[in-house]
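What follows is a single structure, written as structure tokens, with notes after it.
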Amino acid sequence: MSTTNGQWYPPEWPERIRSLSAGELTPVTPRRAATVLLLRDGPDGAPCGQDGEHGEQFGTNGEGGDRGGDAAGPAVYMLRRRASMAFAGGAYAYPGGSVDPRDERMVAWAGPSRAQWARRLGLDESDATQAQAIVCAAVRETFEEAGVLLAGPTPHTVVADTTGDDWETDRLSLVARDLSFAEFLDRRGLVLRSDLLGGWARWITPEFEPRRYDTWFFVAALPRGQRTRNASTEADRTVWIRPGDAADGYDRGELLMMPPTIATLRQLRPYGTVHDALVAAVDQDLTPVLAQARLEGDDLVLSWPGHDEFTKHIPGTAGESGA
């Protein structure tokens, strides 16, 4: 762990990096995953308004924007992973998880086409099925971990309440993989609102980490009437927090985060409203960020392209793995 901020840094990484450099470690193929930065406006963190209009741009339909906000900007929903978790225990993150192969099953769909999403996500346009799976994973995981559902009975509406016992039964069935997301939507007559998501970033876990993910980060507004709740068994705390406040907590070493989390928080900091952030999502660069490691003599240099703040120089001496 870094001693100057809250950067998550496993002590076994230097040894694994050296093994990779020596050809003694075979990188694991990353699993595709999706995570969502849920946002809301208002000086008291109240859910923002929505106009119910179905748009064809990524994150510009105004569904989550009354453009009120305040000088501090919107709040983002974060959860703290339980310390017992094998991967990034104790770190703050967003709702998200791996793509389920069944996320490829056809669903009622609103918003940009699957081919459009494939282009936006950096996939081949012919890979529309995989694009759908990534978008479905983002919506499904947000419902599983936060109780928020970006879907509605028509292409222009969103469900207003997901707190009943019947909703909880379905959510638990999704978590247990007893129910596919396609079956869930079909059973309830719901349309997935892909237009409520904006692509924000893409990060790939370093090659020397055994638990690897190719993760797309999305932004979305908290729909009117819906409320978040800690529905994840992997989290011991949840919080609505301004991106700037969260970043300051990280800088002080009070909030533990992985590089993608703090990087996306810093990117959100300039925006005064949810609407502003959703509009900005159209132009966000989704080029994958993958850590690089190199040897300089006996020393290791670990870096994330385009994110100099995460660069680490690790002396080639015993006992320095937490440098």
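The values are calculated or read from the model by the stated rules, or taken from the named source; none is laboratory data. Every value quoted in this text rests on a predicted model; they were computed, and no experiment measured them. When we count neighbours, we look across all protein chains shown, and the Cβ atoms used for this are built from the backbone with ideal geometry, even at glycine. SASA here: full protein model, heavy atoms, side chains in, ligands and nucleic acids out. Shrake-Rupley method; radii C 1.70, N 1.55, O 1.52, S 1.80 Å.
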Take the residues in the range 69-84 that are in a loop (DSSP other than H, G, I, E, B) and modelled with pLDDT under 85, then tell me which one is least open to solvent (accessible area, probe 1.4 Å).
-> Gly73
Write out, first by first residue and then by second, each pair whose Cβ atoms fall under 6 Å of each other, whose residues are 6+ apart or on separate chains, and whose first residue, in the range 212-234, is touching a residue at least 24 places away in the same chain (Cβ under 8 Å) while the second is aromatic (Phe, Trp, Tyr).
-> Thr215/Trp203; Phe217/Trp200; Phe218/Trp200; Val219/Trp200; Thr228/Tyr77
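Keeping to the range 274-303, report how many residues are more than 25 Å from Tyr213 (Cβ to Cβ) and not acidic (Asp, Glu).
Count: 5.
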Failed item, numbered, when Pro153 is tested on (1) without any contact (Cβ under 8 Å) to a residue 40 or more places away in the chain; (2) in contact with a strand residue (DSSP E or B) (Cβ under 9 Å, 6 or more places away or on another chain); (3) over 21 Å from Gly225 (Cα atoms) | (3)
Filtered residues of the range 86-101 (kept if at pLDDT below 80 and open to solvent by 20 Å² or more (accessible area, probe 1.4 Å)) = Ala86, Phe87, Gly89
So which residues in the range 281-298 are open to solvent by less than 80 Å² (accessible area, probe 1.4 Å) and out of contact with any strand residue (DSSP E or B) (no Cβ under 8 Å at 6 or more places or on another chain), if there are any at all?
-> Gly297
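Let's see how each residue does on (1) touching a helix residue (DSSP H, G or I) at 6+ places or on another chain (Cβ under 8 Å); (2) surrounded by fewer than 19 Cβ atoms within 10 Å (Cβ to Cβ); (3) of a type outside the set (A, V, I, L, M, F, W, C):
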site: Val107; (1), (2), (3): yes, no, no
site: Arg119; (1), (2), (3): no, yes, yes
site: Thr154; (1), (2), (3): no, yes, yes
site: Thr157; (1), (2), (3): no, yes, yes
site: Ser173; (1), (2), (3): yes, yes, yes
site: Leu192; (1), (2), (3): yes, no, no
site: Leu197; (1), (2), (3): yes, no, no
Of all residues in the range 175-190, which are in a loop (DSSP other than H, G, I, E, B), farther than 21 Å from Gly111 by Cα and either basic (Lys, Arg) or open to solvent by 30 Å² or more (accessible area, probe 1.4 Å) (or both)?
-> Ala176, Arg177, Asp178
Please identify the pairs in which a residue from the range 119-132 that is over 19 Å from Trp203 (Cβ atoms) has its Cβ atom under 6 Å from the Cβ atom of a residue that is part of a loop (DSSP other than H, G, I, E, B) and open to solvent by 50 Å² or more (accessible area, probe 1.4 Å), counting only partners at least 6 apart or on another chain.
-> Arg119/Glu125
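Do you know which of the residues in the range 12-41 that are hydroxyl-bearing (Ser, Thr, Tyr) and either in contact with a strand residue (DSSP E or B) (Cβ under 8 Å, 6 or more places away or on another chain) or open to solvent by 70 Å² or more (accessible area, probe 1.4 Å) (or both) is nearest to Ile241 (Cα to Cα)?
Just the residues of the range 12-41 that are hydroxyl-bearing (Ser, Thr, Tyr), to begin with: 19, 21, 26, 29, 35.
Next, from what is left, pick out any that are either in contact with a strand residue (DSSP E or B) (Cβ under 8 Å, 6 or more places away or on another chain) or open to solvent by 70 Å² or more (accessible area, probe 1.4 Å) (or both): 21, 26, 29, 35.
Working: Ser21: 40, Thr26: 39, Thr29: 34, Thr35: 17 Å.
Restricting to residues being hydroxyl-bearing (Ser, Thr, Tyr) and either in contact with a strand residue (DSSP E or B) (Cβ under 8 Å, 6 or more places away or on another chain) or open to solvent by 70 Å² or more (accessible area, probe 1.4 Å) (or both), the top hit is Thr35.
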In the range 299-316, is there at least one residue being of a type in the set (D, E, K, R), in contact with a Lys or Arg (Cβ under 9 Å, 6 or more places away or on another chain), surrounded by fewer than 17 Cβ atoms within 10 Å (Cβ to Cβ) and closer than 27 Å to Leu79 by Cβ?
-> yes
If Arg252 passes every condition in (1) of a type outside the set (Ser, Thr, Tyr); (2) open to solvent by less than 60 Å² (accessible area, probe 1.4 Å); (3) more than 16 Å from the chain's Cα centre (by Cα) but one, which one does it miss?
-> (2)
Qualifying residue in the range 172-186 (condition: at pLDDT below 90 and either within 15 Å of the chain's Cα centre (by Cα) or among the small types (Gly, Ala, Ser) (or both)) | no
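How many residues does the range 191-204 contain that are within 18 Å of Thr157 (Cβ to Cβ) and either touching a Pro at 6+ places or on another chain (Cβ under 8 Å) or part of a loop (DSSP other than H, G, I, E, B) (or both)?
6
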For the range 205-323, list the helices (runs of 4 or more DSSP H) that sit wholly inside it and hold at least 3 residues that are among the β-branched types (Val, Ile, Thr); which are they?
-> 259-268
Subset tally (residues that are open to solvent by 20 Å² or more (accessible area, probe 1.4 Å), over 16 Å from Phe217 (Cβ atoms) and of a type outside the set (S, T, N, Q)) for the range 121-152 = 4
